[in-house]
Amino acid sequence: MADNRQTNQQNLTPWKFAGLMLTYWCNAECDFCYECCSPEKTFWAEVQQVVNWWQQLETLANRNNRHIKIHLTGGEPFGRWQLIIDILKRAKQNALPPVQKIETNAFWATDEKIVRERLETLKSLNVNLIVTDADAFHQEYVPIENVRLLVRCAKEILGDEGIRVRWWDFYNDYDELTAQHNIEELKIQALLSGRERLNGRAAIVAAKMIRGKEPQTFANQSCEKAILKSKHIHIDPFGYIFPGICCGIILGNAISENIAETYDWIDRNGVTGPILSNLVRFGPVGLMNFAKQYGFVPLESGYISKCQLCYHVRHFLYNKGLCRKWLGPVECYPKNKFSISY
């Protein structure tokens, strides 16, 4: 079929990277989680569904003579080990390119025999990189010994480039850091560092722990780059397509329509609706001004970043039952978590 897209204007940068979220389930309920994952979230994507999305993204990438770079994530994908294996086997059968990486918090890495067996299995399925976590938030739930065991075994089986830790500095300095600071101090340092994603639960926790700046500090800071130019999307287990790491902002749904159709429509027409339009044109302050007509009141304690402000406004709108075509699912917007009531 001929490609009838208008080529005189490109609103959307081609998607080069995609995280396929198998679930919102996680053994942990970290204070920083930008997806608000927890043990109570029980829904998982199905094997063929994930592989279909992978195939659609690969076909879309092929139009620009490239392969899509897929990572499997969650939530905690290792909560269903067999699901990971079934997806990788089905993808291999469909001649899809190897997965770029798989993410895990290493909660399962308690027995060296199991860790080695799983890594060998993943290696046989062309998995070359595991990404795990080491930070003040995850280590409330996952012993650092688990991460150390996973790192050691992965280096032996996948090679030094086969394991990545977010963050290596915390991992390397764990004993010294935890000896000098309590966990709350380490969390505050992490939230103020600028490298944690102040979306989801991190935005909520930061509002209760740290004073920020008034919203107007972030005036005229457009989110066009994050939404339209990031080259990166996530697809959650319900099929919602999120731009980059802005989980909870909906570009489309991969269950109700082909992914390429979503991409092409935005590429031709740009974004529509009050959420995306305000963020792309004016940033979170523009979205805040839109929400004020429905009663939104900014936090007196202020905001650390424009992302924290954005999430607070979206949280308000979602829990008012507004703009749900562009905001969701409920997993990303837990009720009554901010210090003010709606």
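Just so it is clear, none of the values below were taken in a lab; they were calculated from the coordinates. No experiment lies behind these values; they were computed from the predicted model shown. Heads up, the Cβs are rebuilt from the backbone with ideal geometry, glycines too, and the neighbour counts pull from every protein chain shown.
For this structure, a couple of remarks:
- Using a Förster distance of 56 Å, the FRET efficiency for Ser124-Glu300 (Cβ separation, nearest 0.05): 0.50
- Shape category assigned to the stretch 96-233 from the gyration tensor of Cα positions, a/c cut at 1.5: oblate
- Alpha-carbon centroids, the stretch 94-164 and the stretch 214-253: separation in whole Å: 28 Å
- Relative contact order, whole percent, for the chain stands at 21, derived from Cα pairs under 8 Å and 6 or more residues apart.
- With the simple spin-label model, which puts each label point 7 Å out from Cα in the Cβ direction, the Lys325 to Arg116 separation comes to 5.7 nm.
- Per-peptide packing, taken as the mean over residues of other Cβ atoms within 10 Å, places 107-114, 272-279 in the sequence 272-279, 107-114 from highest down.
- Here the spin labels are modelled as points 7 Å beyond Cα on the Cα-Cβ line, and at Gln221 and Gln48 they lie 4.6 nm apart.
- Packing, taken as the mean count of other beta carbons within 10 Å per residue, orders the peptides 124-133, 168-177, 29-38, 188-197 from highest to lowest as 29-38, 124-133, 188-197, 168-177.
- Only the Cβ atoms of Lys and Arg (+1) and of Asp and Glu (-1) were treated as charged; on that basis the dipole of the chain about its Cα centre amounts to roughly 1140 debye.
- Farthest toward positive dipole pole in the chain [+1 Lys/Arg, -1 Asp/Glu at C-beta], among His71, Leu317, Asn199: Leu317
- Based on Cα contacts under 8 Å between residues 6+ apart, the stretch 17-196 shows a relative contact order of 20 percent.
- Simple spin-label estimate for Glu40 and Asp173 in nanometres, 7 Å along Cα-Cβ: 3.6 nm
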